[in-house]
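The block underneath contains the structure these notes are about, expressed in structure tokens.
Every number in this text was worked out from the coordinates using simple rules, so none of it is lab data. None of the values given here were measured: they were computed from a predicted structure. Note: ideal-geometry Cβ built from the backbone for every residue, glycine included; neighbour counts use all protein chains shown.
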Amino acid sequence: MIETEWGRGMKSLIEQLYRGELCPDEKIASGDANFQQLSQKLSQTMEHWKKRHTEADWLELEAMLELYAERQGMELASAFSYGFRLGAGIMVEVLTGKDNIAGKLSAFPDSTTL
């Protein structure tokens, strides 16, 4: 492992990015105290729904939920990209003292934007 300026043997963010080790979508976890409770309620509701309806109804709902999850993933990617550019723009403004850079960078077209 390469030593960094931090001196703890941790890889730099640039090296992690280069090696494909940064996976923000795998690291996202809600800090909201109600997240776990809501997740359990969703699982229970899904199980209840599955038991009360036909297999065909369940498969139809499952297909719809997969489409919803795919769309939600696209929205999250777009939000991440926008937030990253906005944060980078803010840092550029802070470091250069030039105004309106953040607005220009955050408005840059994004292929993941809906």
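Here are a few things to note about the model shown:
- Pairwise label distance in nanometres, residue 30 with residue 42, each label 7 Å out on the Cα-Cβ vector: 0.6
- Placing +1 on the Cβ of every Lys and Arg and -1 on the Cβ of every Asp and Glu, with nothing else charged, gives the stretch 1-100 a dipole about its Cα centre of roughly 220 debye.
- Each peptide in 68-81, 35-48 receives the mean, over its residues, of other Cβ atoms within 10 Å, and ordering these scores from highest gives 68-81, 35-48.
- Spin-label pair residue 77/residue 10, simplified geometry with 7 Å Cα→Cβ offset, distance in nm: 2.8
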